[in-house]
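**Q** Here it is, the structure in full.
Derivation of every value follows stated rules applied to the coordinates shown; laboratory data play no part. Being a predicted model, the structure only gives us computed values, none of them experimental. We place every Cβ from the backbone using ideal geometry, glycine too, and count neighbours over all the protein chains shown.
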């Protein structure tokens, strides 16, 4: 066969064959690429399914999405309770230094907000060319191509996946389909992680509630609120926890316990008005939440505010059928996530159980006080009916014996013993009053407390005697003066006169009030008498006087003022 006899094709059919072969090869490459991307999708799903901790799951979702479509940057924005902004923003690809330089994370404006408002995929070749774009803050890296897909959990939009800067130039329709498939699977993974997180949260709060209820019953009343606040700040991931209680003033609350920033400055604060979430929770009995800056005639110190922006907060009432104890407030800083429905529920449950425990503790305390009061009353009766009568009888016997004595010195010694017995009877009557009277705010009790405060520096406590209707007559500003004078005179005897034996006599007659302090000390030095000068001026302001007698046996100071008009006179400074 000659060369011309060889088999040959026309030019056009040969070109068509070459094109068909090339198309088959390209299709095979696409199939192989698709299979590779599907395997990548399966690997991404495996990395998500292998985790159960919600924060870890959310980050794995972003990392898987970035790897799946080969993007430079990725993020997952969790939609907040208001359904219009982002509560959390988990990002991948952005250096820590760049994130710090940018400042606050995105909150759902521009294209991100468009995806929140209309949860449908958004794919853009140039992000800044879209009219919905809100621009970038300072120090933000350049981002061009964009792909966003919503994540749905149980029919509700949980959040959105955002990807930018496709390394191949732009995101394709295939990238969008793969990301939608990943988001669909992520919804189930997130749902399981949320259920696990909720179950663990409930268990932790239930355990804490039981432990706290038991602890309240064994904690002194003045430490209970601090105990509750400390436990809640550990549980709630809150930045600040406060407990406010009612006051005698209408619509004014007082901070009884605080944990978090400036907690010492908050204690005792009373600038909380009826517009605060704590007051509203106490009023309607439900858990209240603040998701936006609270506008009030006075700022609410229980919330956290930075640059006039208030962070999220929740408040639960502490009340029972018998009384309203107060309210618990948990606050977070601006920019931190909102409180979930579960957190509101468990805080309400803990608050209710703590209120019941407080009521039970109060009932036990009242029962203990009643038992103690009955026991004190019994002791007081025994002292009055037996001890005083026996001493009084002994005194009468000694008086009879004294009449039979011829030696004046013997009669003097017996009279001295009789005087000591009278002093003992007076002191026993003071003890009877102290243990049998419940009103700790009476003047007698206040003076007894003053004596008790200063007794630690003495080998034996000062003797305290009352004469006349002290509680009924000495009231108002005069009572404040009497307590202050008694404290100052006793302090002088204890600290400056180096006395071992001290007595305080408080007496009331029809015309005047008298305070006498007697001691066996060395007297008060002249350079230590500024306090006495102040007491003398206070007596003079009421038309009275102060007298000081110092001798070898000790010192006697008397402060006396007339009763006429003391109810209308103001205390001297």
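**Q** Given contacts defined as C-alpha pairs under 8 Å and at least six residues apart, what's the relative contact order of segment 210-289, whole-number percent?
**A** Working: 93 pairs, mean separation 15.6, N = 80.
The normalised contact order for segment 210-289 reaches 20 percent.
**Q** For segment 328-377 and segment 466-504, write down the distance between their C-alpha centroids in whole Å.
**A** 40
**Q** Fewest to most neighbouring Cβ within 10 Å: what's the order for 172, 361, 400? Show your work: numbers first, answer last.
**A** Values: 172 14, 361 18, 400 9.
Neighbour counts put them in this order, fewest first: 400, 172, 361.
**Q** Let me ask another. Would you work out the relative contact order for segment 274-420, in percent, from Cα pairs under 8 angstrom that are 6 or more residues apart?
**A** Values: 163 pairs, mean separation 24.3, N = 147.
Computed over segment 274-420, the figure is 17 percent.
**Q** How high is the relative contact order of segment 39-196, in percent, counting Cα pairs under 8 Å that sit 6 or more residues apart?
**A** Working: 289 pairs, mean separation 43.7, N = 158.
Value for segment 39-196: 28 percent.
**Q** Run the simple label-point estimate for residue 386 and residue 203 please: 7 Å along Cα→C-beta, distance reported in nm.
**A** Calculated label separation equals 6.1 nm.
**Q** What FRET efficiency would be calculated for the residue pair residue 138, residue 413, taking the C-beta separation as r and a Förster radius of 56 Å, to the nearest 0.05?
**A** Working: r = 98 Å, r/R0 = 1.75.
The value I calculate is 0.05.
**Q** Contour minus end-to-end for residue 195 and residue 377, with contour as 0.36 nm per residue of separation and end-to-end as the Cα-Cα distance?
**A** Working: separation 182, 0.36 × 182 = 65.52 nm, distance 5.97 nm.
59.6 nm is the gain from fully extending residue 195 to residue 377.
**Q** Could you list 196, 339 so that the one with the fewest beta carbons within 10 Å of its beta carbon is first and the one with the most is last? Display every interim value, and only then the final one.
**A** Working: 196 14, 339 24.
Listing 196, 339 from fewest to most nearby Cβ atoms yields 196, 339.
**Q** Let me ask something additional. List 283, 512 from most exposed to least, where exposure is judged by having the fewest other Cβ atoms within 10 Å.
**A** On the way: 283 13, 512 16.
Starting with the residue having the fewest Cβ neighbours, the order is 283, 512.
**Q** Less than 15 Å from a label point 7 Å out along the Cα-to-Cβ axis of residue 217: which backbone N atoms in segment 357-373 qualify, by residue?
**A** In segment 357-373, the label zone of residue 217 (backbone N under 15 Å from the point 7 Å along Cα→Cβ) covers 357-368.
**Q** Taking the Cα centroid of segment 245-291 and of segment 445-459, what is the distance between the two, rounded to the nearest whole Å?
**A** Distance between centres, Cα-based: 37 Å.
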